[in-house]
Every structure is written in C-alpha cells, then in structure tokens.
Amino acid sequence: MSASAVSFACMVDSDEAEKQAAALSRSIRDFGGALRASQLIAMRPKTSRPSRTWNTLKDDLQVIEKVFTMEEELTTLPFAAKAVAAGHAESLAAENGDLLVWMDSGSLVLKEPAELLLDDDHVLGCSPVDHMLIGSPFSEPVDTFWEHIYRACGVSHSSVFPVTTVVDRREIRAYFNAGLLVVKPQRGILRAWGENIRTICNGADMKGLLNGNPLHRVFLHQAALAATILARVDRSEILLFPPRINYPLHMHADHPANRATKTLDDVVTCRYEGFFAHGDWARTIPASNALQAWIRTHLYPANS
C-alpha cells in the first residue's frame, strides 16, 4: 500500500496537544519509511484556537488541519471529543484513501509502521486496554454498566470474545485502547463510535450509571468503542497488534518482565504521557544515541 493511500490523524485542542501533534508528525516524516509522505490530519474542535507556533509547524510538516463541531452536552464528558474527531477524520480518509491511522497526539512513530497496514482480511487494527479498570472480567457475569453499553450499541452477547490486557494481563471481555486505531474508513467504525456515545448519553438510566463509579465517566469513550466494534466487526476482521505497537512507555515499569521492551529502538509506535519529561528517561528504557538526540530535540528540549 502506498503512502498516498494512508492517512494519519490526531486531535489538537490545546497548546500541549499542538506540541505533541507536531512531534508525532515529525516522527512520521522522519521515521515513517515508505509511509513518511502519508497525509497527516489534525482535527481541531471549533472552540479551540491554534497558536502561531502551531500554524508554522503544521505548514512546515504539511499537516492538514480540519475544524469540527460537537454537541455542547458532550463537551463535559471526558474524551468524547476524541471519538467525534475520529469520526470526522474517518470521513475525510474515506474520500482520499484506503486506510486511516487514528492516534493520540501524545504518540510517536519510531520505526516504519508497516505492521499497521491491514491486509484484505482485516478492517480494524487495535490493542487491548493496558489495565482492566472498568473492564468486564470474562469469567464473571456482565455488570449493569456494560449491559447498558451493549444494549445501547446493539451488541449481541454471542459476538463478545475475550482479550488479555496489555499490562496487568487480565482476561476481560473485548475492550480496546483508543490511543491507536487503524481502520478501513469505508466501514464507518469511527463514525459509529461517536454516534454511539451520543446514544448512550441520551439513555434514560445513563446519568445514574455515570454517577456511580467515577471511572465509568472517564472511560465511557473506550467502553463505547468496544461496543461499537463488537456490534459492527467480526472477530476474524480484527487485527490485534503486538506489544511493540502502541507501547505505553509511561507504564513500562508495570509491564511483566517477559513482555517489556528491552530498548526503545525496538518499539514501532508508542504513547508516552509525560514519560520524556524526565531528563533521565533513558535510564528507564535504553535507546540509541541517535534516537535519544531526536527525542531531546523535539520533546522537552529543556531537559536535555
């Protein structure tokens, strides 16, 4: 698949997200190999305003910025904007190519991400969540929260299958990390994700459910994502990525020793959530001098 058929996209809604998106875009341009010339899209909520620095950087990196709107009632729900933004990005990608790679802005591509390219048999590439948290243990009955999510999204219990969480290695009902999603846009998975969040939030008993466990509100977007996938995608159409894809650097110390990366140079894509803000980060995960220099140039240079 050529670079012209692949789009990478993320959301920018703050100065910090702009810095992250610039670093992500630079990493794709520098380390993306055959995909380095792919279309890069930054989705911005209409309520957000770009900085002058970002406007310069996005032009230098050839990033296309698109503005989207969302309902006011969704603005109070953590991370709902990401689902809405992802849906709009999917619509754009459907017009221009065959594949969309949706990433958290706080991510990097560190090697040519050829493993992200879906073959003819798969329509979605993703990873299980890092920790169980609000996940539904596969060995236990479905609780009220997940039952509501499944019902609102039209999930048949026969379509539910187990996955193992990336970090704490728990077997749970299918529940996926929203930080990296590779989709064939024509299937409309990400657009349905945003629509399902709207449906869930309009449910008569949703307010009561969200006022219970506070983590339900925080991770509702990922619960809706899981249900959307289960309702629309067959298990055989889902590619679960290996650990070197979407590796959570900020959770490196929590990984089982036999699954933790030995060097940053072995990671293809990662999420970092402030990991590089610590000047001695290379003591935690070794990295080549060249990769250390790149990170210290493009992320938190004051700590170099």
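Would you point out the residue of the range 1-55, among those that are in a loop (DSSP other than H, G, I, E, B) and among the aliphatic types (A, V, I, L, M), that is surrounded by the most Cβ atoms within 10 Å (Cβ to Cβ)? Break it down stepwise before answering.
Within the range 1-55, the subset in a loop (DSSP other than H, G, I, E, B) is 1-2, 12-14, 32, 36-38, 46-51.
Filter once more, so that each one left must be among the aliphatic types (A, V, I, L, M): 1, 12, 37.
Numbers: MET1: 16, VAL12: 25, ALA37: 14.
Applying the filter and picking the extreme gives VAL12.
Mind counting the residues in the range 125-139 that are buried (at least 19 other Cβ atoms within 10 Å of the Cβ) and of a type outside the set (Gly, Ala, Ser)?
Going through the range 125-139 one residue at a time, the tally reaches 5.
From the list GLU95, GLU90, which one is surrounded by fewer than 16 Cβ atoms within 10 Å (Cβ to Cβ) and assigned to a helix (DSSP H, G or I)? Give the steps one after another, and end with the answer.
Working: GLU90 fails: surrounded by fewer than 16 Cβ atoms within 10 Å (Cβ to Cβ).
Sole residue among the options that is surrounded by fewer than 16 Cβ atoms within 10 Å (Cβ to Cβ) and assigned to a helix (DSSP H, G or I): GLU95.
Considering only residues that are more than 20 Å from ARG29 (Cα to Cα), in a helix (DSSP H, G or I) and under 26 Å from the mean Cα position of the chain (by Cα), which ones fall in the range 277-295? It would help to see each step written out before you state the result.
Of all residues in the range 277-295, those more than 20 Å from ARG29 (Cα to Cα) come to 277-286.
Subsequent filtering for residues that are in a helix (DSSP H, G or I) retains 277, 281-283.
Result: ALA277, TRP281, ALA282.
Based on what the data block shows, is LEU61 among the hydrophobic types (A, V, I, L, M, F, W, C) and surrounded by fewer than 18 Cβ atoms within 10 Å (Cβ to Cβ)?
On the way: among the hydrophobic types (A, V, I, L, M, F, W, C): yes; surrounded by fewer than 18 Cβ atoms within 10 Å (Cβ to Cβ): yes.
Criteria met by LEU61.
Could you list, ordered by first residue, the pairs with Cβ atoms under 8 Å in which the first is in the range 216-229 and more than 14 Å from MET206 (Cα to Cα) and touching a residue at least 60 places away in the same chain (Cβ under 8 Å) and the second is of a type outside the set (A, V, I, L, M, F, W, C) and in a helix (DSSP H, G or I), at least 6 apart or interchain?
ALA227/TYR150; ALA227/ASN196; THR228/ASN196
Report, by residue number, each residue of the range 56-77 that is free of Cβ contacts under 8 Å to residues at least 40 places away in the same chain and part of a helix (DSSP H, G or I).
THR56, LEU57, LYS58, ASP59, ASP60, GLU72
Which number in (1) at pLDDT 95 or above; (2) in contact with a helix residue (DSSP H, G or I) (Cβ under 9 Å, 6 or more places away or on another chain); (3) of a type in the set (D, E, K, R); (4) more than 21 Å from VAL268 (Cα to Cα) marks the one condition that GLU71 misses?
(1)
Residues that are at pLDDT below 95 and either among the aromatic types (Phe, Trp, Tyr) or crowded, with 17+ Cβ neighbours inside 10 Å (or both): which strands (runs of 3 or more DSSP E) entirely in the range 140-251 hold 1 or more of them? Break it down stepwise before answering.
Details: elements: 162-164, 171-173, 180-183, 238-240.
Strands (runs of 3 or more DSSP E) meeting the threshold: none at all.
The values are calculated or read from the model by the stated rules, or taken from the named source; none is laboratory data. This one's a predicted model, so the numbers in the text were calculated from it and none came from an experiment. Note that we place each Cβ from the backbone using ideal geometry, even for glycine, and neighbour counts take in every protein chain shown.
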